[in-house]
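*Asks:* Dumping the structure here so I can ask a few things about it.
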Amino acid sequence: MKDAADLTFPDATRTRAGARWFDSLSFRLFGLTILAILVVEAFIFVPSATGQRNDWLTERIEAARIASLALEASPRRSVSEELSARLLDHAEVWGVAELDMDDEMRFQLLPPQMPLNGEFHALDMREAGPMDRVANMFGAFFAPDDRILVVTAKGTEEDRIIEVLLPQAPMKAELQSYASRIAGLSLLIAFAAATIIYVLLHLLVVRPMQRVTLSVEQFRMDPGSWTRRLPHTKRRDEIGRAQNALADMESAVADSFRQRSHLAELGTAVAKINHDLRNSLASAQLVSDSLARSEDVRVQKAAPRLERALTRAITLATDTLDYGKAMPQPAEPEQIDLKQALDEAADEALAAWPSVEFINNVHMLEHVLADPDHLHRIAANLIRNAAEAMSAAGSDPSRIFVSLESGTIVFTDTGPGLPEKAAANLFTPFAATTRQSGTGLGLVIARELAQSMGGDLTLAETGPEGSVFHLTLPPQD
């Protein structure tokens with residue numbers, strides 16, 4: 001896996017400027033909105049243009065019918081050429097004929113007033129279906145201007161058919177003008193709607209996503225020390241949930257990097273002092289050996305405890321240096337006197353707090369199967385933590401009780417209890433300490449020592465009346 005320092009990143013200024021109009025989500029939304037509206041307008045244009053063409057033809061046919069009615073009042077159904085021309089001009093057609101379906105005869109009601117030169121195209125308004133009308137509408141756009149339309153429709157009576165001659169060019173010009181108006185109106189609506197949708201989407205979607213994207217890019221470049229974390233939002237939609245999840249992830253990753261850095265700094269510091277500390281402890285051990293040869297009864301009684309304390313200190317310095325690289329040293333369980341082991345741990349842990357009262361309720365004949373050094377370190381850590389908490393809070397009385405209940409060693413104190421955050425992260429490295437000088441490793445190491453013996457260390461309860469820890473050990477064979 002590559003480190004963050006090994007990754008290459010695009011220039012942030014160039015990326016943001018380039019994405020503003022061509023690669024950004026805003027530009028794509030704007031363009032897609034316009035395209036979608038124009039496609040919808042195109043689907044609307046087809047039936048509306050078809051209706052416009054049919055209306056144009058219907059108006060001409062109705063005008064031709066009205067013009068043909070003038071012949072009904074004239075003798076022999078004929079008019080002068082001058083009146084015929086005026087009727088044709090008013091109806092905007094070139095000629096009108098009538099067919100009698102019963103007699104199968106054709107009557108030229110208003111004959112053309114000029115020679116007709118061009119391509120004739122027949123249209124039957126009686127039998128044209130929707131698809132035929134759409135096809136004829138598209139055909140009108142590409143038809144030659146000199147085309148002559150021969151339109152057939154119902155006449156003034158049921159048994160008659162009217163046939164109208166009219167030019168293609170006016171209808172084509174009308175359709176083109178109508179299409180231009182629709183296209184202009186569609187573009188205006190498309191740009192107006194796209195602008196409104198663009199502004200709304202930019203405010204509700206794009207800008208929040210830009211903040212999320214920028215946060216991801218910056219966090220990717222420097223996940224350990226970047227301080228401008230993405231804030232939580234009150235939005236409950238998908239973007240809000242994504243932003244909150246990203247904010248939580250950034251906090252978790254940053255905390256992980258900080259803990260890793262803390263571990264590295266701790267390891268470096270321990271490595272620097274480990275050599276000198278072990279030399280000092282070795283010198284103290286030589287003094288302890290000299291004291292052990294003393295004939296003074298009190299010295300002979302205290303010397304074994306001093307020797308064991310020095311040995312534990314040397315082992316603890318080595319284990320602290322190895323913390324994080326390997327598991328604790330394997331346990332070497334043996335039968336030990338529990339009451340005596342707890343008293344020794346209390347003597348060491350309470351040396352700085354003589355006012356704290358230690359009450360050992362374990363029966364003097366109780367023995368447990370455990371590693372002596374592991375049990376001593378666990379008990380000393382729990383007693384020391386309780387004593388320090390009670391002294392800092394000024395608890396009165398300040399007492400620590402230890403008992404054995406159903407194979408579980410119970411540590412109870414009369415302290416102020418643990419804060420909620422500390423209790424939730426009690427066994428997380430560097431997270432559970434409530435002291436400025438604390439490292440947050442004591443209980444973590446204590447639990448690992450308990451688990452290495454096949455048991456466990458848990459917080460049973462905590463509150464204003466005190467805290468209770470349970471140290472479980474594996475049952476004896």
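The values are calculated or read from the model by the stated rules, or taken from the named source; none is laboratory data. All of these numbers come straight from a predicted model, not from anything done at the bench. Cβ sites come from the backbone with ideal geometry, for glycine too, and all protein chains shown count toward neighbours. These area figures cover heavy atoms from the full protein model, side chains too; ligands, DNA and RNA do not enter into them. Shrake-Rupley method; radii C 1.70, N 1.55, O 1.52, S 1.80 Å.
*Asks:* Give segment 402-417 a look and list any residue that's open to solvent by 60 Å² or more (accessible area, probe 1.4 Å) and under 16 Å from HIS470 (Cα atoms), or say none.
*Replies:* Scanning segment 402-417 gives GLU405, SER406.
*Asks:* Shifting gears a bit: Before we move on, is ALA19 at pLDDT below 75, within 30 Å of ILE196 (Cβ to Cβ), open to solvent by less than 50 Å² (accessible area, probe 1.4 Å) and part of a helix (DSSP H, G or I)?
*Replies:* yes
*Asks:* May I pose another question? Only residues in segment 78-95 that are part of a loop (DSSP other than H, G, I, E, B) count as the first member; pair them with residues that are at pLDDT below 75, Cβ under 7 angstrom, at least 6 apart or cross-chain, and list the lot.
*Replies:* If the second residue must be at pLDDT below 75, the pairs left are SER78/LEU71; VAL79/ALA70; VAL79/LEU71.
*Asks:* Right, here's the next one. Kindly provide the set of residues from segment 102-125 that are open to solvent by 40 Å² or more (accessible area, probe 1.4 Å), touching an Asp or Glu at 6+ places or on another chain (Cβ under 8 Å) and of a type outside the set (S, T, N, Q), ordered by number.
*Replies:* ASP102, ARG106, PHE107, GLU119
*Asks:* Against the condition buried (at least 17 other Cβ atoms within 10 Å of the Cβ) and over 24 Å from ALA122 (Cα atoms), how does SER180 come out, does it pass?
*Replies:* Here the answer is no, as SER180 does not meet what is asked.
*Asks:* Please find, among GLU127, GLU163, the residue that is among the acidic types (Asp, Glu), under 60 Å from the mean Cα position of the chain (by Cα) and more than 14 Å from PHE45 (Cβ to Cβ).
*Replies:* Unique residue meeting the criteria: GLU127.
*Asks:* Counting just the residues of segment 377-398 that are in contact with a strand residue (DSSP E or B) (Cβ under 9 Å, 6 or more places away or on another chain) and among the aliphatic types (A, V, I, L, M), which one comes out surrounded by the fewest Cβ atoms within 10 Å (Cβ to Cβ)?
*Replies:* Residue satisfying both the conditions and the ranking: ALA389.
*Asks:* Find all pairs meeting these conditions: Cβ atoms under 6 angstrom apart; at least six residues apart or on different chains; first residue within segment 58-69 and touching a residue at least 60 places away in the same chain (Cβ under 8 Å); second residue in a helix (DSSP H, G or I).
*Replies:* ALA64/ALA91
*Asks:* From the list ALA128, ALA194, which one is hydrophobic (A, V, I, L, M, F, W, C), in contact (Cβ under 8 Å) with a residue 60 or more places away in the chain and either assigned to a loop (DSSP other than H, G, I, E, B) or open to solvent by less than 30 Å² (accessible area, probe 1.4 Å) (or both)? Working first, answer last.
*Replies:* On the way: ALA128 fails: in contact (Cβ under 8 Å) with a residue 60 or more places away in the chain.
The conditions single out ALA194.
*Asks:* Output the qualifying pairs, or none if there are none: Cβ atoms under 7 angstrom, residues six or more apart or on different chains, first residue in segment 366-378 and within 13 Å of GLN451 (Cβ to Cβ), second residue among the acidic types (Asp, Glu) and open to solvent by 40 Å² or more (accessible area, probe 1.4 Å).
*Replies:* ASP371/GLU332
*Asks:* Please determine, by comparing only the residues of segment 339-376 that are open to solvent by 40 Å² or more (accessible area, probe 1.4 Å) and charged (D, E, K, R), which one is farthest from GLY415 (Cα to Cα).
*Replies:* The extreme case among them is GLU366.
*Asks:* Name every residue in segment 231-258 that is in contact with a helix residue (DSSP H, G or I) (Cβ under 9 Å, 6 or more places away or on another chain), assigned to a helix (DSSP H, G or I) and closer than 17 Å to ARG220 by Cα, in order of residue number.
*Replies:* ALA242, GLN243, LEU246, ALA247, MET249, GLU250, VAL253, ALA254
*Asks:* Quick one: which of ALA140, ALA173 is part of a helix (DSSP H, G or I), out of contact with any Leu (no Cβ under 9 Å at 6 or more places or on another chain), open to solvent by less than 70 Å² (accessible area, probe 1.4 Å) and of a type in the set (A, V, I, L, M)? Steps first, answer last, please.
*Replies:* Working: ALA140 fails: out of contact with any Leu (no Cβ under 9 Å at 6 or more places or on another chain).
Among ALA140, ALA173, only ALA173 is part of a helix (DSSP H, G or I), out of contact with any Leu (no Cβ under 9 Å at 6 or more places or on another chain), open to solvent by less than 70 Å² (accessible area, probe 1.4 Å) and of a type in the set (A, V, I, L, M).
*Asks:* Looking at VAL164, is it touching a residue at least 60 places away in the same chain (Cβ under 8 Å) and either farther than 30 Å from LEU32 by Cα or assigned to a helix (DSSP H, G or I) (or both)? First the steps, then the outcome.
*Replies:* Details: touching a residue at least 60 places away in the same chain (Cβ under 8 Å): yes; either farther than 30 Å from LEU32 by Cα or assigned to a helix (DSSP H, G or I) (or both): yes.
Yes; evaluated as a whole, the condition is true for this residue.
*Asks:* Within segment 143-161, is even one residue basic (Lys, Arg) and in contact (Cβ under 8 Å) with a residue 40 or more places away in the chain?
*Replies:* The answer is yes; a qualifying residue exists.
*Asks:* Say whether the condition of being among the basic types (Lys, Arg) and over 49 Å from the mean Cα position of the chain (by Cα) is met by at least one residue in segment 395-405. Before the answer, list the steps.
*Replies:* Narrowing segment 395-405 to residues among the basic types (Lys, Arg): 399.
Okay, now just the ones that are also over 49 Å from the mean Cα position of the chain (by Cα), so 399.
The answer is yes; a qualifying residue exists.
*Asks:* Which ones in segment 332-354 are within 55 Å of the chain's Cα centre (by Cα) and within 18 Å of ALA389 (Cβ to Cβ)?
*Replies:* If the condition is that a residue be within 55 Å of the chain's Cα centre (by Cα) and within 18 Å of ALA389 (Cβ to Cβ), then ALA345, ALA346, GLU348, ALA349, LEU350, ALA351, ALA352, TRP353 are the ones that fit.
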